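Okay, structure first, notes after.
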Amino acid sequence: MAAVNGEAILSVDDLRVSFATYAGEVQAVRGATFDLRRGETLAIVGESGSGKSVAARSIMGLNPVSNTIVRGGEIVFEGEDLLKLSEKRMLDIRGPKIAMVFQDPMTSLDPTMRVGRQIMESLKQHLGMSGSKAAERAVELLELVGIPNAEERLKQYPHQFSGGMRQRVVIAIALACDPQILIADEPTTALDVTIQAQILELLRELQERLGMSVILITHDLGVVASTAHRIAVMYGGRIIETGTVREIFYDPQMPYTWGLLASIPLPTADRSQDLIPIPGTPPDATNPPKGCPFTDRCPYAMRICEDEMPGYTTFSDEHRAACWLHHQLAPNVEPPARIGGAK
Amino acid sequence: MTEQTRNESANGEANGRPLLEIRDLKKYFRVGRADLKAVDGITLEIKEGETFGLVGESGCGKSTTGRVLVRLYQPSGGEVLFGGKNIHEAKGSEGKDLNRKMQMVFQDPQASLNPRMVVGDIVAEGIDIHNLASSNSERLDRVHELLETVGLSKEHANRYPHEFSGGQRQRIGVARALAVDPDFIVADEPVSALDVSIQAQVINLMKKLQRERDLTYLFISHDLSVVKYISDRVGVMYLGVMVEMAPSDELYSNPLHPYTQALLSAVPVPDPDVELERERMVLEGDVPSPVNPPSGCRFRTRCPYATEACGHDEPVWREVSPEHWVAACHCIS
């Protein structure tokens with residue numbers, strides 16, 4: 001694995017996105033800053049409700065128009081702020097330049113349309129290909145994602161494919177116009193482990209072959225360890241820690257990341273010992289805490305954690321975390337459990 | 001139960017006596033003119049006080065097995081003995097008593113709790129059906145006690161399921177199962193719908209309850225790390241049959257069946273160094289249809305070691321070392 005020190009292809013700066021609901025304003029993303037480098041896989045990890053999917057959909061401009069409120073920030077791609085582009089301009093970016101793979105392949109494919117037509121749709125729309133040329137390219141794409149008998153399969157409907165094969169089709173559609181950025185939102189969560197292994201293998205291989213930049217959104221730290229170069233951990237709408245894979249796994253600096261790592265049962269775990277869960281539940285996004293969002297569940301919380309959001313402390317070129325424990329006046333705290341041996 | 005075995009099971013250890021004996025169990029579902037063979041002949045014993053983990057991919061028959069065991073389905077063949085009696089022949093009060101002794105916790109805590117009932121009534125439903133409380137105040141006391149046992153508070157009894165988070169709802173599901181003081185609980189993917197940090201809370205709770213109440217679990221999951229962590233013994237299912245069964249540590253350190261090996265190798269480990277060095281065995285293709293499973297060994301269509309002989313030679317279910325059973329084919333000496 002290489003490609004950590006590339007130039008940024010996409011920069012997200014202090015993104016704030018809310019939704020208007022009858023219960024009040026849901027502040028899904030509350031100041032997320034990260035960049036994606038050319039040729040790397042950046043994993044955004046977090047629990048449900050942490051804002052990871054909303055952040056990704058904001059890049060694609062896919063949040064519902066009716067109730068989304070962009071409170072601030074910018075998403076810079078090719079010198080332009082994607083948040084300010086008109087829908088018409090976004091059409092030229094969404095698909096040909098930035099493509100997305102969704103969690104559930106059954107709902108992201110149209111059940112009434114043959115698979116071939118769904119793949120050719122964007123080829124015709126964005127690249128202006130003729131029918132026969134698009135069909136040729138569609139066969140190539142299905143072969144690229146490892147679907148045998150591609151020509152036959154093009155004429156079939158999604159229900160004639162298994163879950164794993166459907167996800168391959170979705171990936172083929174995303175790759176159709178040769179995008180620079182691929183956003184994969186929980187691409188293997190709905191799949192069985194053996195199929196998950198196939199799809200992850202495919203994504204790794206495609207990235208190396210096509211040189212794409214990938215944003216992988218997941219809640220599964222296992223998936224991240226084998227596929228990502230860098231990790232951004234999200235909690236309560238904020239990115240609370242970022243770093244290279246090794247830094248996050250072997251030298252995490254924020255109690256939430258510690259808790260996340262300690263609460264997964266490892267295959268090597270001792271069964272007589274209890275797992276170390278994170279007590280409590282994530283904060284309410286309609287009424288987010290003023291300070292650090294993890295305060296209520298944090299065993300090391302201090303008074304200042306409640307009142308003020310900590311700034312980032314930098315540990316290396318890539319590694320930074322937002323936590324008051326790194327303030328010079330804070331007590332020295334050792335993380336409870338570490339994963340792996342090397343540091 | 002002698003004094004000694006009671007002490008052992010109180011520590012959460014299996015005492016070796018079978019609570020449930022499952023013999024050649026089959027469950028077919030009619031689809032059109034064919035039979036979908038969801039479970040096609042599995043034999044095992046679940047011992048008193050142990051946690052038996054059942055793993056496999058979707059469609060392997062693990063949930064169907066769980067449902068037959070708690071009498072939600074009638075089997076198509078074979079038998080299940082509970083305390084020596086066939087559970088699917090029990091009728092009337094005998095059947096009702098079995099329903100009390102065997103409970104289930106479901107995967108989706110949202111779908112398995114009635115949204116129109118308050119939590120107190122959901123938890124007390126079993127108590128009412130089996131007349132386990134003699135008065136209203138006793139009923140209420142038991143509900144409060146149960147809620148506190150699973151880490152909720154008394155006040156929660158008057159709320160509706162939608163007012164709870166996923167992890168809390170799963171606790172309610174556990175409280176409901178405990179309400180009738182069961183011996184055996186089938187937990188069908190109880191933590192799959194939960195976030196990791198919440199998963200650990202529920203797993204710890206289930207382990208604690210087992211220690212305190214001498215419970216026997218059948219723990220069904222597709223997550224091999226979770227299953228290994230909670231189970232004493234583990235069975236691996238593929239397409240309606242059991243391919244391997246062994247004590248948890250033995251199965252994970254010494255998997256014999258190619259499918260078990262592939263399944264273990266597919267699990268991503270949350271450790272970048274381990275992942276980097278790991279040789280992965282990626283299986284080709286998908287699980288075939290259980291309506292028309294492959295002849296001979298069912299795994300042969302995806303097995304990297306398959307030979308022509310696998311098409312007609314049925315693997316033999318054999319104990320290769322103490323407690324370690326495997327559907328033995330030519331790969332296993």
Check: Relative to the first principal axis of the alpha-carbon coordinates of chain B, what is the inclination of helix B:166-178, with its axis defined by its Cα atoms, in degrees from 0 to 90 and to the nearest 10?
Finding: 80
Checklist line | Theoretical gain in end-to-end length, B:S192 to B:R159 [0.36 nm per residue, Cα-Cα removed] | finding: 9.4 nm
Next item on the list: Give, rounded to the nearest 20 debye, the magnitude of the charge dipole that the stretch B:149-202 has about its Cα centre when Lys and Arg contribute +1 at Cβ and Asp and Glu contribute -1 at Cβ.
Entry: 220
Margin query: Sorting check: for A:178-189, B:29-40, which peptide has the highest mean count of neighbouring beta carbons within 10 Å, and how do the rest follow?
Written below: A:178-189, B:29-40
Next item on the list: Mind jotting down the distance between the C-alpha centroids of the stretch B:293-309 and the stretch A:162-184, whole Å?
Entry: 31
Check: Which residue, B:S197, B:S225, B:S58, has the most motion in a Gaussian network model of chain B that connects Cα atoms within less than 10 Å?
Finding: B:S197
Check: Between A:R204 and B:T307, what FRET efficiency comes out of the Förster formula 1/(1 + (r/R0)^6) with R0 = 35 Å and r the beta carbon distance, rounded to 0.05?
Finding: 0.65
Checklist line | Amide hydrogen neighbours beyond the local backbone of A:I44, cut-off 5 Å, H modeled | finding: A:L216, A:I217, A:T218, A:A232
Note to self: Give me the percent relative contact order of chain B, please, defined on Cα pairs under 8 angstrom at least 6 residues apart.
What the structure shows: 19
Next item on the list: Using only Cα atoms, locate the centre of the stretch B:226-272 and the centre of the stretch B:17-45, then give the distance between them in Å, rounded to an integer.
Entry: 21
Check: Where does each of B:276-286, A:304-314 land if you order them by average Cβ count within 10 Å, highest first?
Finding: A:304-314, B:276-286
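How high is the FRET efficiency from A:D274 to A:D13, r the C-beta distance, R0 41 Å, rounded to 0.05?
Result of the calculation: an efficiency of 0.50.
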Item checked: Relative contact order of chain A, defined on C-alpha pairs under 8 angstrom at six or more residues apart (%) -> 20
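Checking the a/c ratio against 1.5 first, then a/b against b/c, what shape does the Cα gyration tensor give for the protein assembly as shown?
Oblate.
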Checklist line | Shielding by partners - mean other protein chain Cβ count within 10 Å, residues of B:215-223 | finding: 1
Notebook entry, point to check: Is there a simple number for the mean count of other chain Cβ atoms within 10 Å of the Cβ of residues in A:323-336, and what is it?
Noted result: 0
Note to self: Running a GNM on chain B with Cα contacts under 10 Å, which residue among B:D195, B:D121, B:D181 ends up with the highest mean-square fluctuation?
What the structure shows: B:D195
Item checked: Backbone HN-Hα couplings from phi across the stretch A:283-298 [Karplus 6.51/-1.76/1.60, Hz, Gly and Pro as x] -> x, 7, 6, 7, 9, x, x, 5, x, 5, x, 8, 3, 4, 9, 8
Next item on the list: Starting with the highest mean, order B:98-110, A:137-149 by the number of other Cβ atoms within 10 Å, averaged over the residues of each peptide.
Entry: B:98-110, A:137-149
Checklist line | Vicinal HN-Hα couplings computed from phi for the stretch B:250-262 (Karplus, 6.51 cos²θ - 1.76 cosθ + 1.60; Hz; Gly/Pro x) | finding: 4, 4, 7, 8, 9, x, 9, 6, x, 5, 4, 4, 5
Margin query: Suppose every Lys and Arg Cβ carries +1 and every Asp and Glu Cβ carries -1, with no other charges. What dipole size does the protein assembly as shown come out with about its Cα centre, to the nearest 20 debye?
Written below: 1460
Checklist line | For A:265-274, mean number of other protein chain Cβ atoms within 10 Å | finding: 6
Next item on the list: List every residue whose amide H lies under 5 Å from the amide H of A:G72, counting only residues 5 or more places away in sequence or on a different chain, with H placed 1.01 Å from N in the peptide plane.
Entry: A:R16
Checklist line | B:Y238 long-range amide H proximity, modeled H, under 5 Å | finding: B:V243
Note to self: Report the Cα centroid-to-centroid distance between the stretch A:36-70 and the stretch B:166-188 in angstrom, as an integer.
What the structure shows: 36
Note to self: Given a 10 angstrom Cα cut-off, can you work out which residue in B:F299, B:F52, B:F184 is the most mobile in a GNM of chain B?
What the structure shows: B:F299
Check: So which of B:K96/B:K208; A:K97/A:K124; A:K155/B:K37; B:K207/B:K228; B:K96/B:K207 end up more than 18 Å apart by C-alpha?
Finding: B:K96/B:K208; A:K155/B:K37; B:K96/B:K207
Item checked: Loop-located trypsin sites (Lys or Arg not before Pro) in the stretch A:217-314 whose Cβ has at most 14 other Cβ within 10 Å (DSSP) -> A:K290
Next item on the list: Sticking with the crude label model, points 7 Å out along Cα→Cβ, report the distance from B:E323 to B:D141 in nm, one decimal please.
Entry: 4.1
Checklist line | Computed magnitude of the charge dipole of the stretch B:3-328 (debye, nearest 20; Cβ of K, R +1, Cβ of D, E -1) | finding: 1020
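A short reminder: the numbers here are calculations on the coordinates, not readings from a lab. Bear in mind that the values here come from a model prediction, so they are computed numbers and not experimental data. FYI the Cβ positions are ideal-geometry reconstructions off the backbone, even for glycines, and counts take in every protein chain you see.
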